[in-house]
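Participant: Submitted below is the structure of interest, expressed as structure tokens.
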Amino acid sequence: MQDVAHVAEVARIGPNSIIQTIAALREQYGAETTAAWLRRSGRGHFLETMPDHMLAESEFGAMIRDLRDWLGMPAAMRVLDRSGELTANYVATNRVPAPIRLLLPRLPVGLALRIFLPAIAKHAWTFAGSGQFGYTLRPQWQLTLANSVEAREVQATEPVCSYYRAAFEGLLRRVVSDRIRVREVACRAMGAPRCTFAVSREG
């Protein structure tokens, strides 16, 4: 049986985790400041070529840690929140078939979630890495992520998975209903066994 450390070492994650985090940094801190940080942190190669393939999950984890060291937790979370939103926009536009984007908003939200969430779960390996994505629809709509890369090696008094929260909310808002909201209500960084995201609908 493979141990957890080995699984995490070889796990892969989609390139948008890096691409959109850099895009969010440029939006919030400008191209020059972002370029200086990328060079300083040993990531200057991203100024020449963005990744176009699955990456080692550890690369995203290291970027998250370095962002927190550089900016502090609140500011780093704002960057990762925007990165998650940009990732959701990309996935909704380029990975979700147009007929699905047209059909699901016309359905009751509960039914649309019942159709769409299995598809997210099927492709969870592209964003969760060695984490495990799950969902429940009763008695409440909830998403779960065990072993979230954002919540590793950190202790906090509030949830810290801003990238995943924003990515989940953005994708569901773009594909299912623009009234959906997602909140992280439990986090491994706070001692919970897994990160839990409550899904609700406004109005």
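Participant: Restricting attention to the range 20-35, report how many residues are more than 24 Å from Ala88 (Cβ to Cβ) and loosely packed, with under 13 Cβ neighbours inside 10 Å.
Facilitator: 2
So that you can scan it fast, the table gives a plain yes or no per residue for (1) open to solvent by less than 20 Å² (accessible area, probe 1.4 Å); (2) among the hydrophobic types (A, V, I, L, M, F, W, C); (3) over 18 Å from Arg174 (Cβ atoms):
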{"site": "Arg65", "(1), (2), (3)": "no, no, yes"}
{"site": "Gly72", "(1), (2), (3)": "no, no, yes"}
{"site": "Met77", "(1), (2), (3)": "no, yes, yes"}
{"site": "Leu80", "(1), (2), (3)": "yes, yes, yes"}
{"site": "Gly84", "(1), (2), (3)": "yes, no, no"}
{"site": "Arg95", "(1), (2), (3)": "no, no, no"}
{"site": "Leu102", "(1), (2), (3)": "no, yes, no"}
{"site": "Thr126", "(1), (2), (3)": "no, no, no"}
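Participant: Kindly indicate the residue of the range 1-49 that is outside any helix (DSSP H, G or I) and small (Gly, Ala, Ser) and also modelled with the lowest pLDDT among those meeting that condition.
Facilitator: Only one residue fits best here, namely Ala11.
Participant: Taking the condition of being more than 16 Å from Ala167 (Cβ to Cβ), under 15 Å from the mean Cα position of the chain (by Cα) and either surrounded by 20 or more Cβ atoms within 10 Å (Cβ to Cβ) or among the hydroxyl-bearing types (Ser, Thr, Tyr) (or both), how many residues in the range 132-146 meet it?
Facilitator: Number satisfying all stated conditions: 0.
Participant: Suppose we filter the range 36-50 for residues that are closer than 14 Å to Met63 by Cα and either polar (S, T, N, Q) or surrounded by 12 or more Cβ atoms within 10 Å (Cβ to Cβ) (or both); how many remain?
Facilitator: 7
Participant: Would you say Thr157 is in a loop (DSSP other than H, G, I, E, B), farther than 25 Å from His53 by Cα and either open to solvent by less than 70 Å² (accessible area, probe 1.4 Å) or not acidic (Asp, Glu) (or both)?
Facilitator: Criteria met by Thr157.
Participant: Sticking with this one: Any residue in the range 128-151 that's in contact (Cβ under 8 Å) with a residue 40 or more places away in the chain: show its pairings with residues that are hydroxyl-bearing (Ser, Thr, Tyr) and surrounded by fewer than 18 Cβ atoms within 10 Å (Cβ to Cβ) at Cβ separation under 8 Å, as long as the two are six or more apart or on different chains.
Facilitator: Listed pairs, sorted by first residue: Trp141/Ser200; Gln142/Thr136; Thr144/Thr136.
Participant: Now for a separate question. Any residue in the range 154-174 that is in contact with a Leu (Cβ under 7 Å, 6 or more places away or on another chain) and either more than 23 Å from Glu59 (Cα to Cα) or without any contact (Cβ under 8 Å) to a residue 12 or more places away in the chain (or both)?
Facilitator: No, there is no match, as no residue in the range 154-174 is in contact with a Leu (Cβ under 7 Å, 6 or more places away or on another chain) and either more than 23 Å from Glu59 (Cα to Cα) or without any contact (Cβ under 8 Å) to a residue 12 or more places away in the chain (or both).
The values are calculated or read from the model by the stated rules, or taken from the named source; none is laboratory data. Since the model is a prediction, treat every value here as computed from it, not as a measurement. Quick reminder, even Gly has a Cβ in these numbers, built from the backbone with ideal geometry, and neighbours come from all protein chains shown. We work out accessible area using only protein heavy atoms, side chains counted, and drop any ligands, DNA or RNA first. Shrake-Rupley method; radii C 1.70, N 1.55, O 1.52, S 1.80 Å.
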